[in-house]
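Novice: Attaching a single structure in structure tokens format; questions to follow.
Each value in this text was obtained by applying a stated rule to the coordinates, not by laboratory testing. Remember, it's a predicted structure, so these values are computed and weren't measured experimentally. As a convention, Cβ positions derive from the backbone with ideal geometry for all residues, glycine included, and neighbour counts pool all protein chains shown.
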Amino acid sequence: MKIPHSRPILVSFGLASTALVMCALLLLEWKDGTAAVESFEWVSHTLEVQRELATVEAKMSEAESGQRGYLLTGQPAFLGPFTTAAKDVRARFANLRHLVGDNSGQRLRLQAVEALSLAKLAEFDSTIKLERAGKRDAAVGIVRTTHSDSTMTSIRYGLQALTDEEGKASFPVSLGNLPIAGIAGDQQAALFGQ
């Protein structure tokens, strides 16, 4: 016995079910796509911060090299790279303040490293002024102090701590949206230090 009009009802039910499943899949894809975009944005932000930090370290080394080159030779040609690097360090710190402005811990670490870096740049500048005034021995004496060397070491450690912390901040976000086959969440945490 056939139920009249059952075929159109079944077809309608099948189409409605298919449409419902497609909407659910589309919603899941949109949600995952949004999460992937957010993850990508966090990773991009982290890489930008880390690139700026690496540039600050490189420019501080360039400034130090320019200062020392000038003190050793007395040739003003070394002052060009020093001046350019010092300006660039200040600009990079301004950008970094903007980039880490939403993270109070990173902001505090950055303030400490920036203060050390600006003090070091002032020291470079003071030794250059001493050399220009004919007081090379006094300038070289400042460079030879352990305080002078330890300040650069502290700057490098501070920049590395900022870089490491920035990587930790984005790692769970980027990892959390990528399925790692066969590894449960607690195993991922143990494996990746989360």
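Novice: In Å and on Cα atoms, what radius of gyration and Dmax does segment 40-135 show?
Specialist: 15.5, 55
Novice: If packing is taken as the mean number of other Cβ atoms within 10 Å per residue, what is the order of 82-89, 102-109, highest first?
Specialist: Top to bottom by mean Cβ count within 10 Å: 82-89, 102-109.
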